[in-house]
Structure formats: structure tokens, C-alpha cells
1. Mind listing just one residue for me: the one in the stretch 294-315 that is surrounded by 19 or more Cβ atoms within 10 Å (Cβ to Cβ) and farther than 16 Å from residue 190 by Cβ and, of those, nearest to the chain's Cα centre (by Cα)?
2. Residue 270 versus (1) hydroxyl-bearing (Ser, Thr, Tyr); (2) in contact with an Asp or Glu (Cβ under 7 Å, 6 or more places away or on another chain); (3) not in a strand (DSSP E or B): which is the lone unmet condition?
3. Kindly evaluate residue 295 against the criterion of being β-branched (Val, Ile, Thr), in contact with a Pro (Cβ under 6 Å, 6 or more places away or on another chain) and not in a strand (DSSP E or B).
4. Could we say that residue 154 is surrounded by fewer than 21 Cβ atoms within 10 Å (Cβ to Cβ) and in contact with a Lys or Arg (Cβ under 6 Å, 6 or more places away or on another chain) here?
5. Does any residue in the stretch 224-236 that is over 15 Å from residue 202 (Cα atoms) come within less than 6 Å, Cβ to Cβ, of a residue that is of a type in the set (A, V, I, L, M) six or more places away or on a different chain, and which pairs are these?
6. I'd like to verify a number: residues in the stretch 149-190 that are more than 20 Å from residue 132 (Cα to Cα), of a type in the set (S, T, N, Q) and in contact with a strand residue (DSSP E or B) (Cβ under 6 Å, 6 or more places away or on another chain), how many?
7. Does the stretch 182-189 include one or more residues that are among the hydroxyl-bearing types (Ser, Thr, Tyr) and over 30 Å from the mean Cα position of the chain (by Cα)?
8. So which pairs qualify, if the first residue must be in the stretch 198-219 and farther than 14 Å from residue 187 by Cα and touching a residue at least 40 places away in the same chain (Cβ under 8 Å), the second must be basic (Lys, Arg) and surrounded by 24 or more Cβ atoms within 10 Å (Cβ to Cβ), the Cβ gap must be under 9 Å, and the two must be at least 6 apart or on different chains?
Amino acid sequence: MFLTQPGPQLAIRTWLSIAGCLAACSLQMPSESEVFGSAGGKPDASGGAAGRANPLGDSGSEDTGGAGSFAGSGGVVNPGTSGASGAAGKSGALGESGAAGASGATSTFDPAAGLVAYFAFDDANGAVVSNAKDSKKGGKCVGTCTRSNGQLGLAFALRNNLGPTDWVELPAGIFDGHAAITLSIWLRDLSTSRNGAPLFYFSASANEAIYFIPDDKSGSSAGAHLGGVHKGASFVNLWSARPNLADKDWHQLAFSWDSASIEFYLDGKSVGSASKPSALPSQLGATSPDYLGRTPDDNHPALFGEFDDLRVYDRVLTATQVALLYKVR
């Protein structure tokens, strides 16, 4: 049996059909020389990669792929043709606007919102210490409370000679009914030998108290000291030597306090914290008297210095809010 050879016309039509297919396929796939070098060559990782998207704000530029090189038979390097040009990088997204709280704009924090007590110490009568939030819960000055220039208007000045002769009494139970508070006050400590003199001392008894001493020395500790006792046991004992409050400059002190933590700030920056204190502000009870400048003990040193702008908030201020409060002038 014999196979009949195709005629010339059929052979031509078959060749044209195959050529057309090859031409169409070449539009979809790279040619062999773009993939391999000489016969037996393997792809080399140095072939051109597509251009990467540029994450910056400017439009990404096109990255041209590098020429591929592949090892041919016999180990000779046979350069392939250049890899295809990389796609143009996508335009980078514009940076999102910063969160309002992080922008530093004071409009994000209202220093008057949430105040339960505010003593500006701007009263014309030296014996009066008015509370701008509650006129029925004002304080009074005992002794000779002189006026000086403060950080926001006037300030109270105490000129004690070791023992207390001048001090301020604030209303009883300044934290009463509040499970969370933030207290801030400006201080200019002018003493040279008043170790242990308090800026404030709020207590219901010797077993229920919170106090702050700007210049304290106890054993190996020295510096600013925030202390507190509840049911006779210490619930906070924070110290900071930075900055030195005896430098005779104005400094802002702030203390935030709730069931999660007590945070101690100096000049808008945290200098210490105690987690999960065993007492809440409200658990100190109706503290009385609430002193500025002295302790209940007449034999204890009293403050020689100035203070201004005492605020008590009904919540814990965030670190950002405390930093913004420090900028209020």
C-alpha cells in the first residue's frame, strides 16, 4: 500500500496556514530568543523585572527590564534580548491628613471642658480664692497671701519661714464623688531649705491622703514626690528628679488618676506612672481641710513659693491633652 503525496497547491495552503498561526502566536508570546539564549540555556534570574509601583506622592517612572542572560550549552554565557519594559509605577497616594489630636492645634482640646474646679488665683481680695466652676465651693487664704505675676494672670505667693504662717484652704472633698480625675497646677518653688514642704496636701485623716512635695529627700530618693495612702497603706509613691523644681522657674504639674493608673506629668511630659492603684479619688472621702502650701502638722516645713491656675477635671486627660494644656498661657 502506498501513501499518495500531496499536490503542490495543498502543500502551499498548508504552509500558509501554519505560517499564519505562527505569526498570530508571536503576538502573544515572546520569541524563543527572548526566553532562552542558545540551545540548552536556562533562565537566569537577572532577566528584566516589571517596574514596581512608586509609593511616593509623585507618579512612578517606568523601570526598563535589564537584559536577560542565560547559560548556553558548554557553559558559555549567551545574552538574551532585553527583557520587556516594566509597567509604569502607579501614582503614589497623597498622604492622609494627620489626626486632629496629633496636629498640635489647640482647637482639638478645650481646656474648659470637664472642669469640676478651677482656681485662677486672680481675685482682687487677697483672702478670697474663688472657684470659677462652683462659687459655693471656693477657698480662702490664711495669713498673708500676696500677689505676684503668674503664668495666666496673677498668682498666689506664700512666704513661709519654715513653719506655716501663710497657706490656702480649698473646699472639702475636692475629689469627692469622682472615680477619675486630672489635677494640674503651676508652681514656682523659691525655697532654698524647704525640704519636705508640700505644694498640696489633701487628707481626711492620717490614713487617707494624697500629697505632692516638690523638693523631698527620703533615703536614697530625692526630687519631686507624689505620695498617697488609703486605709493606712501606700497606693502611690512616684519620684522624679527632672526637672529640678527648686530651680526657681515656673513648672506645670499634672496628675491623672483612675482605676487603671496614676500618671505624673512635669511640663507636659510624663515622668512616671503607677498601674492599677488600690484607691480611687472618691475613696479618699470628704478630705478636709485641703491645703495648698502646708500639711496638717504645724511643725512640718511649709512652702516658700508661688502657684497659679489650679484645675481639676472629671476625667483622665490623655498625654496629648496634657501636653496641650501645658501650652495654654
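The values are calculated or read from the model by the stated rules, or taken from the named source; none is laboratory data. Since we're looking at a predicted model, the values are computed, not measured. Heads up, the Cβs are rebuilt from the backbone with ideal geometry, glycines too, and the neighbour counts pull from every protein chain shown.
1. First, the residues of the stretch 294-315 that are surrounded by 19 or more Cβ atoms within 10 Å (Cβ to Cβ): 294-295, 301-313.
Subset that is farther than 16 Å from residue 190 by Cβ: 295, 309-313.
Working: 295: 34, 309: 24, 310: 23, 311: 21, 312: 21, 313: 19 Å.
Out of the qualifying residues, it is 313.
2. For residue 270, the failing item is (3).
3. On the way: β-branched (Val, Ile, Thr): yes; in contact with a Pro (Cβ under 6 Å, 6 or more places away or on another chain): yes; not in a strand (DSSP E or B): yes.
Taking the combined requirement at face value, the residue satisfies it.
4. On the way: surrounded by fewer than 21 Cβ atoms within 10 Å (Cβ to Cβ): yes; in contact with a Lys or Arg (Cβ under 6 Å, 6 or more places away or on another chain): yes.
Answer is yes for this residue.
5. 224/245
6. Counting residues in the stretch 149-190 that are more than 20 Å from residue 132 (Cα to Cα), of a type in the set (S, T, N, Q) and in contact with a strand residue (DSSP E or B) (Cβ under 6 Å, 6 or more places away or on another chain) gives 1.
7. At the first step, the residues of the stretch 182-189 found to be among the hydroxyl-bearing types (Ser, Thr, Tyr) are 182, 184.
Still in the list and also over 30 Å from the mean Cα position of the chain (by Cα): none.
Looking through the stretch 182-189, none of the residues is among the hydroxyl-bearing types (Ser, Thr, Tyr) and over 30 Å from the mean Cα position of the chain (by Cα).
8. Taking only residues 6 or more apart or on different chains, the pairs are 201/294.
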